[in-house]
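Accompanying notes for the structure given below.
The values are calculated or read from the model by the stated rules, or taken from the named source; none is laboratory data. In this text, all values refer to a predicted model and were calculated from it rather than measured experimentally. So basically every Cβ, Gly included, is an ideal-geometry build from the backbone, and we count neighbours across all protein chains shown. We work out accessible area using only protein heavy atoms, side chains counted, and drop any ligands, DNA or RNA first. Shrake-Rupley method; radii C 1.70, N 1.55, O 1.52, S 1.80 Å.
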Amino acid sequence: MPAKTARIVYLNGAFLPENEAHLSIFDRGFLFGDGIYEVTAVLDGKLIDSALHMARLERSVGEIGGRLPLTTDEIVAIEKRLVADNKLTEGVVYLQYTRGAEDRNFFYSDDLQPTLLLFTQVKTLEHVAAVDTGLKVKLMPDQRWARRDIKSVGLLPQVLAKRDAKAAGFDEAWMVEDGLITEGASSTAYIVTHDDRIITRGNGNATLPGCTRLAVLELAREQGLTIEERPFTVEEAKAAREACLTSASNFIVPITNMDGAPVGDGKPGPMFNRLRVLYMENARRTAI
Ligand code: PDD
């Protein structure tokens, strides 16, 4: 059997085979989770919602008092080169920024050289079974920190929530705080009422401002659909006619089961189908 070709990754200025890319054991991303990440979808070899991801990256890095070593135009050029070099047609580009490496100390030096790592990952995004069957979500307590608007690499609560959801036979966790759904462990949460209102939580510190969310809501608004950006309760979610989630790694998929009970008639609904068509068409049209 021919050996699997090593992926080309980007690390701190160099394009390298993945097995030659090495990071310091003192990297603050590793020791403290002191870093930021982004996940951008790739479809037909093109970046999806790229400008939205770059804007959120800049914001997240700014919120932790960091500085990107490159401009976002330079980062996009790296992403495109990785997609081309690895012949990626469908999947994601993962980016991680950390504050850099030095002896372990909560206080950090101001002159640290940040770490910037990017790699591609093959993943089927478009033709997935979940689009037809829907996903099952389990409601779980939201155990995350208070600045969920920052796309921090500290993801232990989400890892544990997904582990528990999976062990119980579910696909994703929807997190609950004070009787209100915040979002999915790695996705934005939506419900659709019996009178066709789309409800999703407004952006704030309680949730990550999803890039896919931004694109979907803009398209829905253009269509004159009714959107309520507000927190919604567990009771509202359970009484919804439809539910769905969005993320760069799923685009938009329906939720047909919540905590073991069907959502609506237990099948992907018409609002989901409409939003999916709108989103996929727009994603392709605006891909770079
Ligand atoms: N997660 N909320 C959370 C907590 C997320 O982790 C994500 C994305 C989203 C959706 O954001 P976007 O539409 O910009 O992908 C919402 C990525 C895909 C991940 O962690 O792999």
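Give me log10 I(q)/I(0) at q = 0.15, 0.16, 0.18, 0.21 Å⁻¹ for segment 8-122, Debye formula, one equal scatterer per alpha-carbon, no solvent. At q = 0.15, 0.16, 0.18, 0.21 Å⁻¹ the computed log10 ratios are -0.64, -0.72, -0.90, -1.16.
Within segment 18-76, the percentage of alpha carbon pairs spaced more than 19 angstrom apart rounds to 44%.
The count of lysine pairs in the chain with alpha-carbon distances below 16 Å, taking only pairs 8 or more places apart or on different chains, stands at 13. Using a probe of 1.4 Å on the protein chains alone, the accessible area found for Met140 is around 20 Å².
For the chain, the 222 nm mean residue ellipticity estimated from helices alone, with every DSSP H stretch of n ≥ 4 adding -39500 (n - 2.57) and the total spread over all residues, rounds to -8500 deg cm²/dmol.
Put +1 on the Cβ of every Lys and Arg and -1 on every Asp and Glu Cβ in the chain; which of Leu52, Thr89, Gly154 then has its Cα farthest towards the positive end of the dipole? The listed residue farthest towards the positive side: Thr89. Binning the C-alpha pair distances of segment 79-127 at 10 Å intervals from 0 yields a P(r) profile of 23, 34, 21, 18, 4 %, listed from the shortest bin outward. Considering only DSSP beta bridges whose two residues both sit in the chain, what percent are antiparallel, to the nearest 5? Bridges in the chain are about 80 percent antiparallel.
Binning the C-alpha pair distances of the chain at 5 Å intervals from 0 yields a P(r) profile of 1, 5, 12, 15, 17, 16, 14, 9, 6, 3, 1, 0 %, listed from the shortest bin outward.
Within segment 157-288, antiparallel bridges make up roughly 90 percent of the DSSP beta bridges whose residues both belong there. Checking every one of the trypsin sites (Lys or Arg not before Pro) in segment 6-111 against DSSP loop status and a limit of 14 other Cβ atoms within 10 Å picks out Arg67, Lys87, Arg104. The Cα center of segment 1-70 and the Cα center of segment 83-127 differ in position by 2 Å. Here the chain has 54 percent of its accessible surface on carbon and sulfur atoms, given a 1.4 Å probe and all protein chains in place. With respect to the chain, whose longest principal axis is taken over its alpha-carbon atoms, helix 50-63 is tilted by about 70°. For the chain, take the longest principal axis of its alpha carbons; what is the angle in degrees between that and the long axis of helix 156-167, to the nearest 10 within 0 to 90? Once rounded, the angle reads 50 degrees. Against the main long axis of the alpha-carbon atoms of the chain, helix 72-85 sits at an angle near 90°.
The residues of segment 130-286 present an accessible area of 43 Å² per residue when probed at 1.4 Å with all protein chains retained.
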